[in-house]
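Note sheet for the following structure.
The values are calculated or read from the model by the stated rules, or taken from the named source; none is laboratory data. Quick caveat, the model's predicted, so the values are computed rather than measured. Cβ coordinates were reconstructed from backbone atoms using ideal geometry, including for glycine residues, and neighbour counts include every protein chain displayed. Ligands, DNA and RNA are excluded from the accessible area calculation, which covers all protein heavy atoms including side chains. Shrake-Rupley method; radii C 1.70, N 1.55, O 1.52, S 1.80 Å.
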Amino acid sequence: MPYKAVKLKIDYSVRDLCTEPYYNHPKGCPNYNKKVGCPPHTPVIENLLFFVWSNTFIIWNIFDFAGHCRKMKRNHPDWTQRQIECCLYWQSTARKQLENEIEKFSFEHPFESIIRNPEAIGVNVTATMSKIGEILEWPPKRIAYQVAIAGRKNDRRRT
């Protein structure tokens, strides 16, 4: 069962992770301040969801990252480790797995809102997942998680 009711760990500083430099991106994620659903224009959680322990769920999938890397190494023996681990070659598959889990969850729990980028609205996914015993690897070596949250819409949205 890859979903569970959970009290979310809210930490607005996770929205700033998008601005942290990483390989070939000295200014952080190129989607920051550009893509719909990305900070800083994305509303924070309390403006989107009414969240309390009883009506907020976390939904996730577990992607076999190590297995993917073994397969890529076998298929491309001349590639560097960076190429083997590149998200371009595995994230779409992992996200499809998450969508399948969301579909199963939604069939059983008809929630009004599913948020597929919880960090963008201020949810500390690593801390929230650890509350339910799921420890995320950063960077992933064995498994990679994709995470969404489900809740009721906040009808008392602030502007």
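Tabulated data for the structure shown
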item	result
Cα-based Rg / Dmax (Å) for region 86-152	12.7, 35
Magnitude of the charge dipole, the chain, Cβ model with Lys/Arg +1 and Asp/Glu -1, debye to 20	140
Accessible surface, the chain, averaged per residue in Å² (probe 1.4 Å)	63
Cα centroid of region 80-143 to Cα centroid of region 12-38, whole Å	17
Kirkwood hydrodynamic radius of region 1-154, Cα pairs, Å	16.6
In order through region 34-45: 3J(HN,Hα) via Karplus (6.51 cos²θ - 1.76 cosθ + 1.60), integer Hz, x for Gly, Pro	10, 7, 4, x, 10, x, x, 7, 5, x, 6, 4
Sulfur and carbon atoms: percent of accessible area, the chain [1.4 Å]	55
Flagged links, alpha-carbon separation over 21 Å, of K4/K104; K35/K73; K4/K34; K35/K104; K71/K131; K73/K141	K35/K73; K4/K34; K35/K104; K71/K131
Sum of side-chain charges, Q146 neighbourhood, beta-carbon under 11 Å (Lys, Arg +1; Asp, Glu -1)	+1
The chain - share of DSSP beta bridges that are antiparallel (%, nearest 5)	100
Gyration tensor (Cα) of region 1-78, equivalent ellipsoid semi-axes in angstrom	30, 23, 9
